[in-house]
Amino acid sequence: MSAQYMLDTATSRATPTPAPMKRLTVPQIAARKGGEPIVMLTAYTARMAQLLDPHCDLLLVGDSLGQVIYGLDTTVRVTLDMMIAHGAAVVRGSYHSVVIVDLPFGSYEESPEAAFRSAARVMAETGAAGVKLEGGAAMAPTIAFLSQRGVPVIGHVGLTPQAVNVLGGYGARGRGAAEFDKIVGDASAICAAGAFAIVVEGVVEPLARAVTAAVACPTIGIGASPACDGQVLVVDDMLGMFERVPRFVRRFDDLAVRIDAAAIAYAAAVRDRSFPGDAELYLAIP
Ligand code: KIV
């Protein structure tokens, strides 16, 4: 599948032509349990959404944008307004994938009602199809409250980055039997509560396999297992934008190196006055 591009004269930027296909739906994603693997990537901007959209089933406006876009040290400092601004951009830049927006830390944990208010803002102000929130059995009542009121929810278990201050770091979870069993129980609880899919992040491989076998909804792995019903990566990791490469990341490009080379070439062309050249100038009529 590939997008066609045309010049949008309003912005002088290439944008995809209007949809030749309908946007996927949440029930279509939920029905992929045990079927064709679900392809999910994060996206934070309209242009990146345009590029990824034809190839993905789900675009996640992850709160990882705190680190990736804003240079924050953790996702704990990400706000609902940040998520909404980027969520709206990704919806504007896509027409095929289901767009899901992360509820940030502090916007949903207090009560199901608080979570509903945050989710309703996200959906009304961005056009996204649903939200993702972190947490296990403790979040099951909230997930039930949301999903019974028109908010599709993706759950998130295992390594939950918003809880980094409790977990003490970003190491893989489920190495001990007690935590292994707890995470399987967490996933089962939120699936039973109505989550239409579950992100399983940063767990030992047999645990991701056990979660996938235990729950009726699709699992989407990151640092998890090929047995999951789908996979997700942070797009900037996948493109090679950062020097640090966690074990679970495969770099499908080396974009940071290529951007560096382009910037070196641009700077040299400015300094030796070879840029702009005649082809890049509005020459006077002879
Ligand atoms: O915020 C994020 O990007 C995520 C993915 C890593 C699943 O939650």
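The values are calculated or read from the model by the stated rules, or taken from the named source; none is laboratory data. These figures come from a predicted structure and were not determined experimentally. We place every Cβ from the backbone using ideal geometry, glycine too, and count neighbours over all the protein chains shown. Protein only, heavy atoms only, side chains kept; ligands, DNA and RNA dropped before computing areas. Shrake-Rupley method; radii C 1.70, N 1.55, O 1.52, S 1.80 Å.
For this structure, a couple of remarks:
- Scanning region 208-222 for residues that are under 24 Å from residue 130 (Cα atoms) and open to solvent by 20 Å² or more (accessible area, probe 1.4 Å) yields 214, 216.
- Inside region 78-99, residues that are touching a helix residue (DSSP H, G or I) at 6+ places or on another chain (Cβ under 8 Å), away from the ligand (no atom under 13 Å from the Cβ) and open to solvent by 20 Å² or more (accessible area, probe 1.4 Å) make up a count of 4.
- Close pairs (9 angstrom Cβ cut-off, 6 or more residues apart or separate chains): more than 17 Å from residue 74 (Cα to Cα) in region 93-105, β-branched (Val, Ile, Thr) and in a loop (DSSP other than H, G, I, E, B) anywhere: 93/45; 98/25
- Members of region 53-69 that are more than 10 Å from the ligand (Cβ to nearest atom), open to solvent by 10 Å² or more (accessible area, probe 1.4 Å) and under 12 Å from the mean Cα position of the chain (by Cα): 57
- Within region 180-207, considering residues that are under 10 Å from residue 158 (Cβ atoms) and away from the ligand (no atom under 13 Å from the Cβ), the one surrounded by the fewest Cβ atoms within 10 Å (Cβ to Cβ): 204
- Of the residues screened, residue 127 is one that is open to solvent by 10 Å² or more (accessible area, probe 1.4 Å) and within 23 Å of residue 48 (Cβ to Cβ).
- Residue 115 fulfils the conditions (1) part of a loop (DSSP other than H, G, I, E, B); (2) more than 12 Å from the ligand (Cβ to nearest atom); (3) more than 14 Å from the chain's Cα centre (by Cα) except for a single criterion, (1).
- Matching option when the condition is touching a residue at least 24 places away in the same chain (Cβ under 8 Å) and in contact with a Phe, Trp or Tyr (Cβ under 8 Å, 6 or more places away or on another chain), among 152, 141: 152
- First in region 261-273 and more than 23 Å from residue 241 (Cα to Cα), second anywhere and surrounded by 11 or more Cβ atoms within 10 Å (Cβ to Cβ), Cβ under 7 Å, 6 or more apart: 269/275
- Strands (runs of 3 or more DSSP E) wholly inside region 21-111 containing at least 1 residues that are in contact with a strand residue (DSSP E or B) (Cβ under 6 Å, 6 or more places away or on another chain), polar (S, T, N, Q) and closer than 26 Å to residue 170 by Cα: 38-42
- Residue 40 modelled with pLDDT under 95 and either of a type in the set (A, V, I, L, M, F, W, C) or over 25 Å from residue 218 (Cβ atoms) (or both): no
- Filtered residue count, region 138-178, keeping only those that are away from the ligand (no atom under 16 Å from the Cβ), farther than 20 Å from residue 58 by Cα and open to solvent by 50 Å² or more (accessible area, probe 1.4 Å): 10
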